[in-house]
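Participant: Quick one: structure below, then a few questions.
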Amino acid sequence: MSGQTTTRDWRGVAAEKQDEVPEQESLILRDRSRRLLNDLLRPYRSQIILLVAVIVICNAASLSIPFLVKVGIDTGIPPMQAGRGPGALLVIVAAVLAAAVTQAVTRQAFLRMAGRIGQGIILELRRRVFRHFQRLSLSFHEDYTSGRVVSRLTSDIDAISEMLQSGFDSLVTAVLTLTGTAVLLLVLDVHLGLVALLPLPVLLLFTRWFRRQSSIAYRRTRETVALVIVHFVESMTGMRAVQAFRGEERNQEIFSRLNADYRDANVRSMRLIAVFMPGVKLIGNVTIAAVLFYGGWLAVGGEVTVGVLAAFLLYLRQFYEPMQEISQFYNTFQSAGAALEKLSGVLEERPAVAEPRDPVPLERPRGQVRFEGVEFSYLDGTPVLPRLDLTVPAGQVVALVGATGAGKTTLAKLVARFYDPVSGRVLLDGTDLRDLAEDTLREAVVLVTQENYLFTGSVADNIRFGRPDATMAEVVAAARAVGAHEFVSALPEGYDTQVGKQGGRLSAGQRQLVAFARAFLADPAVLILDEATSSLDVPGERLVQRAMRTILAGRTSLIIAHRLSTVEVADRVLVMDGGRIVEDGPPDLLIARSGRFASLHRAWLDSISAQGPGDVAERPQARG
Amino acid sequence: MRSLWRMKSYLRPYAVPLTVIWVTSLAGIGITITIPLVGREIIDGPVARGDTGALLPLALLALVLGTIEAVLVLVRRWLLANAVLGLETAIRDDLYRHLQRLPMSFHGAWQSGQLLSRVTTDLSVIRRFLGFGMLFLVLITLQIAVVTVLLFQLYWPLGLLVAASAVPIVAVSMRFERGYIAISRRVQDEQGDLATVVEESAGGIRTIKAFGRGGHVFATFDDGARKVYRTSMEKVGLSARFFTFLEVIPNVTLAAVLLLGALAVGSGSLSLGTLVAFTTLMLQLVWPISSLGFILAMGQEAMTAADRVTEVLDTEPDIVGGRGVVEDPRGHLRFEGVEFRFPGAAEPVLRDVWLEVRPGETVAVVGATGSGKTTLTSLVPRLHDVTAGRVTIDGHDVRDLSLPALRSMVATAFEEPTLFSMSVRENLTLGRPDATDEEVEAAIEVAQAGFVHRLPWGLETRIGEQGMSLSGGQRQRLALARAVLSRPKVLVLDDTLSALDVETEALVEEALRHVLRDATGIVVAHRASTVLLADRVALLLDGTIAHVGRHHELMATVPEYRALLSAHLDDDLDDDLDDDLDDLDGLDTEGVLR
């Protein structure tokens, strides 16, 4: 059995995520990434020029040391051997020391400056991306999902930060060392220099091969580790279901396989390094042997000095090591490039719901809502509201009723301007919502959904989220109004109790009551409740309903609910079907008629009725 | 240290490759040291004597040695990859196996993030140390010792000088590394806090937008980001100082060696070739010496990591299965004087609970939010264990049964359904991997979950976090189908229908009646419609079962029950209820508004 289940594809099929950019083989960035990079670097332009100067000096100092050793051997020692004192030697030793100090000072300056620029860029990038995500419309967020927002702002930023911290420094150093050494070798002795540089093309080809292979291997490692992590986290958070359904064995099977895949991917990339590193070393060692031979030959003939030979040996060590380093950091560069690509993609998204250029002020909103010829369809083109005209006078409590997909939620979201209509307009007190500044609109219109999100912090903080300047007394009054005061006071630290991650320390019903208090405290002119009471139990819902009569009094309200109990508090009921309003009137009137609402209402009464079905009584009487 | 030592048993299967690795490493060091000596021979021999004939053999020797060195590195790294990754993979597998055995009380107390960091970061740290760190520690110590001895032999005053210069480097490296780890942790913690803000800003985006509080959230984020910036700058400063120090010491030593060496050559006590070899060898020491500090610190980290891993591995599961198996189970369920209290809690959640559910019977459990209904149902499959009394199935204490036997008899559809990022089919067959297509279809039918066929890839569509997102009602129906599919003798429905709309709920209930006829059922209910699935109702009040009876009896005689389930808002009943409610909650909701 297990053999058969192992081969079955347990993961299932899913659509490709559109932000998985194909990772480029080279370090060349696309236009938008480059634009972003330029934009981020612009404030540091003069600092970067200074930085380049400093690093050039630093490398020159560092490279000059073996050269000075050579000069020391060639020109410092012979006079002494001839008994003429160490004068020349002392000068050279002093020069070595000076070079060492220069290198130390410039290196320190370079690391600090590069650090400041890098961290500054990261800070700016974080702020920019975060703010942009906040600005983007909900339609964007619905597609994009919070998980991806989080990974943009954490792992992608980290990848860039990693690159700036370790990769950038070593890249600059390596490039400068490489070119500097090549030039120096040629200056020291053209012939010997050419011999020393002869393997360079081989080395470059070899490095290119490695880069290609390692980018494939690296991608594979990341894919496999991602699967390990997802499976691990999901089975840990879902352990209750795993244990209750004896999923342990199957899970272990899946995990072991993912784990083995990850191992294989890792082995592959480690083996690549196992080939590459000694390969570079081999090329270096062959070069050293060649230099020893040819240099020795030239030295015998007196064409080069022993000092030159010594300097060559010192330089060659420096020459090949950075190559190994660059390749080690290649993955860092690559993932930073991919991260930048994704971030620049996000930053290019424009909010679907744009801020007006000249916002219209709204003094003391009364809360009259009008739909004028509103049409709406989601991105894929399916029309949700074909054409809607509706006026809700200020202060009216309207219940929206209809099957799932009838357009109730869309209507509510249009009033809260989570979306803009495709055509027509939505007006608040006669002003098109598109002409209102975001802040103005949010003060006037509040939408409470069944996703009652709580933030880290105390209960009071969460209630106050609706109105940051509210006093404690106002917070408590709001909690009382929605019937939350009772349970909040019973918490260990009352209103100061931390709600835990995403309100985890509260039950679903309690979270909802807090969300309610939050909306009540915000005191908007228009209040929209979208299924807001659905996760409450009957006493909870009744408590809220009782409070609602007071909360909704004199306030324009749109209420969406499955449970028709909510409708009892409404002045007016709209029955929706296929995006159209098919019935409209006061609840009593509609119940009295024989329309759709009347039959819905009857079905609902039946569902809550106290009478059990007939067969219950026929079954054997259970013992109590 | 002891925890790290325990990990070595995972290396046992790789004894042969490990031996080869050690041998090649030692040989490698020998060669690395020899190559500069060949250089010396060339300078002092052929070059000094003008003897071109001896040049070629020496150069060839350097070539051969260089090639062997590269091959040795290749062999070592190649074998090492297998061994250390095998070790890491084996520990990870074992950790996962162990975690799956640990009970819900453990999983409730541990964040999955903490566990994740153990199976990822901590294991890599251990892998890196056992694989490279330990090897390099020994090799480097050896290399330093040999080179120093060699330097002493070449010319002892200079050797002494070089050895002395190593002291401050090692000392500073170690101190730096400790400081660096501390500050890196701080950056990590601060980044963690920042990630929390990000998570909340993404998850709560609707709420943030609804209240127009983007500015506030941005300010919180900005605070955090600036904190990370400041600490990172501190970290940059620390490493800048350290790396500068690391480079300056060898250079100063080199200058001193040049000065003293040249003086020695001038006085004839040192040959020119030796001086060249000396400087080359000396530079070979720079890297090992500075690495010493890193590797020692890495060892410290590996020990901490090993402690964190063994902490989990050493936690004994306190819910272990017995030996018993129920032959031909009927599903006769009894709670006998059951008490349950959470670890460390003063008050029990449940006390003195007596309840009998006979084969084929269905009992609804009704109670206020937080009254312990879900806890009660979790005692049956032993997701938690009773703290007093016992739960029996067909007369067997559930603690005497083997866990697979027990849990194959009981299936629960949870209110908050857990879906994994897998195919629909895999999610449904969690409890019965061998279910046939017909059985899957039947379960889908019962749960009214036909929507799965309209997903882009039908049953093969991936759902969960990484796949198609489903509505709350859809998720609940899948959880129900999953429970039904496992053909339990005892079926627990933990408020499974709360997110369904009225019509779907009615359809599901109709289908469930058939399933419940063949199984013992416990239904946690908030609404009258769900209660009607049951033959009898148990009312949970103050942690115990206060009343058991038929729905309409309880409606008629128990006011607390009526308060929980009656949704009538008829005026007189409403007034009635107002009185009841005020009795129940002592609530005063009047006169606090505006």
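Participant: Run down the lysines and flag those whose C-alpha is under 25 Å from the C-alpha of B:K489, throwing out any fewer than 8 positions away in its chain.
Facilitator: Qualifying lysines at Cα under 25 Å: B:K373.
Participant: Same structure, new question: Provide the gained length on full extension for the span A:R84 to A:D264, in nm with one decimal, where the gain is 0.36 nm per separating residue minus the Cα-Cα distance. Mind showing how you got there, number by number?
Facilitator: On the way: separation 180, 0.36 × 180 = 64.80 nm, distance 6.65 nm.
Value of the extension gain: 58.2 nm.
Participant: Please give the calculated 222 nm ellipticity per residue for chain A, where each DSSP H segment of at least 4 residues contributes -39500 (n - 2.57) and the sum is spread over every residue; nearest 500 deg cm²/dmol?
Facilitator: When only DSSP H runs of four or more count, the value is -20000 deg cm²/dmol.
Participant: Taking 8 Å as the Cα distance limit and 6 or more residues as the minimum spacing, I'd like the relative contact order of chain B as a percentage.
Facilitator: Normalised by residue count, the contact order of chain B is 13 percent.
Participant: Sticking with this one: Within a Cβ distance under 11 Å of A:T305, other residues only, what is the Lys/Arg minus Asp/Glu net charge?
Facilitator: -2
Participant: Same structure again: Taking the beta-carbon count within 10 Å as an exposure proxy, list A:D432, A:D420, B:D314 from fewest neighbours to most.
Facilitator: Working: A:D432 15, A:D420 19, B:D314 10.
Result, fewest neighbours first: B:D314, A:D432, A:D420.
Participant: Then there's this: With charges set only on the Cβ (+1 for Lys and Arg, -1 for Asp and Glu), what does the dipole of the protein assembly as shown come to about its Cα centre, in debye to the nearest 20?
Facilitator: Its charge dipole is roughly 5380 debye.
Participant: Additional query: Tell me, what is the percent relative contact order of chain A, built from C-alpha pairs under 8 Å that lie six or more residues apart?
Facilitator: 13 percent
Participant: Still on this structure, I have one more. Using modelled amide H (1.01 Å from N, peptide plane; none on Pro or chain starts), what sits under 5 Å from the amide H of B:T362, excluding residues fewer than 5 places away?
Facilitator: Under 5 Å from the amide H of B:T362 lie the amide H atoms of B:G521, B:D535, B:R536, each far enough along the sequence or on another chain.
Participant: Taking 0.36 nm per residue of sequence separation and subtracting the Cα-Cα distance, how much length would be gained by fully extending the chain between A:S46 and A:D143, in nm to one decimal?
Facilitator: Using 0.36 nm per residue and subtracting the Cα-Cα distance, I get 30.8 nm.
Participant: Another one. Using the Karplus curve 6.51 cos²θ - 1.76 cosθ + 1.60 with θ = phi - 60°, work out ³J(HN,Hα) for each residue of the stretch A:280-287 in order, rounded to whole Hz, and write x for Gly and Pro.
Facilitator: Rounded to whole hertz, the list is 4, 4, 4, 4, x, 5, 4, 4.
Participant: Averaged over all directions, how much area does the convex hull of the C-alpha atoms of the stretch B:333-549 cover when projected, in nm²?
Facilitator: Numbers: hull surface 47.4 nm².
If you wrap the Cα atoms of the stretch B:333-549 in a convex hull and average its projections, you get 11.9 nm².
Participant: Next question, about the same structure. Roughly how compact is the protein assembly as shown, stated as its Cα Rg over 2.2 N^0.38 Å to two decimals?
Facilitator: 1.14
Participant: Order the peptides A:42-48, A:245-251, B:549-555 from the highest to the lowest mean number of other Cβ atoms within 10 Å of their residues.
Facilitator: Going from most to least packed, we get A:245-251, B:549-555, A:42-48.
Participant: Then there is this: What list of ³J(HN,Hα) couplings, whole Hz, do you get for the stretch A:213-229 from phi and the Karplus terms 6.51, -1.76, 1.60, once you set θ to phi - 60° and write x for glycine and proline?
Facilitator: Per-residue couplings from phi come out as 4, 6, 5, 5, 4, 5, 4, 4, 4, 5, 4, 5, 5, 4, 5, 4, 5 Hz.
Participant: Further question: Treat the count of other C-beta atoms within 10 Å as a stand-in for reagent exposure and order B:T120, B:T557, A:T440 from fewest to most.
Facilitator: Taking fewest neighbouring Cβ atoms as first place, the list is B:T557, B:T120, A:T440.
Participant: Could you tell me the distance between the Cα centroids of the stretch B:1-32 and the stretch B:255-297, to the nearest Å?
Facilitator: 31 Å
Participant: What whole-number volume per residue, in cubic angstrom, does the convex hull of the C-alpha atoms of the stretch A:303-392 give?
Facilitator: Given the Cα convex hull of the stretch A:303-392, per-residue volume reads 268 Å³.
Participant: What are the ³J(HN,Hα) couplings of the stretch B:30-40, residue after residue, when phi is run through the Karplus curve with 6.51, -1.76, 1.60 and θ = phi - 60°? Round to Hz, x for glycine and proline.
Facilitator: x, 5, 4, 6, 6, 3, x, 5, 4, x, 4
Participant: Enter the mean projected area of the convex hull around the alpha-carbon atoms of the stretch B:484-562, in nm², rounded to one decimal.
Facilitator: If I average the Cα hull's projected area over directions, I get 5.7 nm².
Participant: Report, in whole Å, the centroid distance computed from the Cα atoms of the stretch A:30-81 and the stretch B:182-241.
Facilitator: Cα centres, the stretch A:30-81 to the stretch B:182-241: 35 Å.
Participant: May I ask you to sort A:T410, A:T75, A:T224 by Cβ crowding, counting other Cβ atoms within 10 Å and putting the fewest first?
Facilitator: Ordered by Cβ neighbours within 10 Å, fewest first: A:T75, A:T224, A:T410.
Participant: Separate question: Return one number: the angle in degrees, 0 to 90 and rounded to the nearest 10, between the long axis of the Cα atoms of helix B:502-517 and the longest principal axis of the Cα atoms of chain B.
Facilitator: Relative to chain B, helix B:502-517 is tipped by roughly 90 degrees.
Participant: Counting Lys and Arg as +1 and Asp and Glu as -1, each charge on the Cβ, what is the dipole of chain A about the Cα centre in debye, to the nearest 20?
Facilitator: I would put it at about 1060 debye.
Participant: At 7 Å along the Cα-to-beta-carbon direction for both B:A48 and A:A94, put a label point, then send me their distance in nm to one decimal.
Facilitator: The two pseudo-label positions are separated by 3.2 nm.
Participant: Ok, one more. Can you tell me the orientation of helix B:437-446 relative to chain B, as the angle in degrees between its alpha-carbon axis and the longest Cα principal axis, to the nearest 10?
Facilitator: Roughly 50 degrees between the two axes.
Participant: For the stretch B:2-313, what D do you get in µm² per second when you plug the Kirkwood radius from alpha-carbon pairs into Stokes-Einstein at 20 °C and 1.002 mPa s?
Facilitator: Reported coefficient: 91 µm²/s.
Participant: Another question about this same structure. If R₀ is 60 angstrom, what is the calculated FRET efficiency for the pair B:E510 and B:Q300, using the beta carbon separation as r and rounding to 0.05?
Facilitator: On the way: r = 65 Å, r/R0 = 1.08.
Approximately 0.40, to the nearest 0.05.
Participant: At a 10 angstrom cut-off on C-beta neighbours, averaged per residue, how do the peptides B:6-14, A:575-583 rank from highest to lowest?
Facilitator: Working: B:6-14: 15.0, A:575-583: 18.3.
Highest mean packing first, the order is A:575-583, B:6-14.
Participant: Right, another one. Which far-off residues, 5 or more places away or on another chain, put their amide H under 5 Å from the one on B:L419, with H placed in the peptide plane?
Facilitator: none
Participant: Which three numbers, in whole Å and largest first, are the semi-axes of the equivalent ellipsoid of the stretch A:369-607 derived from its Cα gyration tensor as √(5λ)? Write out the running numbers ahead of the final one.
Facilitator: Numbers: eigenvalues 184, 94, 48 Å².
Its equivalent ellipsoid spans semi-axes of 30, 22, 16 Å.
Participant: Over all residues in B:543-553, what is the mean tally of Cβ atoms on other chains that come within 10 Å of each residue's Cβ?
Facilitator: Average neighbour count from other chains, rounded to a whole number: 2.
Participant: How high is the relative contact order of the stretch B:333-549? Use alpha-carbon pairs under 8 Å, at least six apart in sequence, and give a whole percent.
Facilitator: 30 percent
Participant: Moving to a separate point now. Which residues' amide hydrogens lie under 5 Å from the amide hydrogen of B:G389, considering only partners 5 or more residues apart or on another chain, with H built in the peptide plane?
Facilitator: Those lying under 5 Å, H to H, from B:G389 are B:E339.
Participant: Listed here are the pairs A:K342/B:K209; B:K8/B:K235; B:K8/B:K227; A:K342/B:K227; which of them are more than 29 Å apart at the Cα? Present the calculation step by step, with values, prior to reporting the outcome.
Facilitator: Values: A:K342/B:K209 24 Å; B:K8/B:K235 34 Å; B:K8/B:K227 40 Å; A:K342/B:K227 25 Å.
In this structure, B:K8/B:K235; B:K8/B:K227 exceed 29 Å between Cα atoms.
Participant: On C-alpha positions alone, give me the angle between the axis of helix B:156-203 and the longest principal axis of chain B, in degrees, nearest 10.
Facilitator: Its long axis makes an angle of about 20 degrees.
Every read-out reported here was derived from the displayed coordinates using simple, explicitly stated rules and does not represent laboratory data. Keep in mind that what you see is a predicted model, and the values were worked out from it rather than measured. Because the Cβ atoms are built from the backbone with ideal geometry, glycine has one as well, and the counts that use them run over all protein chains shown.
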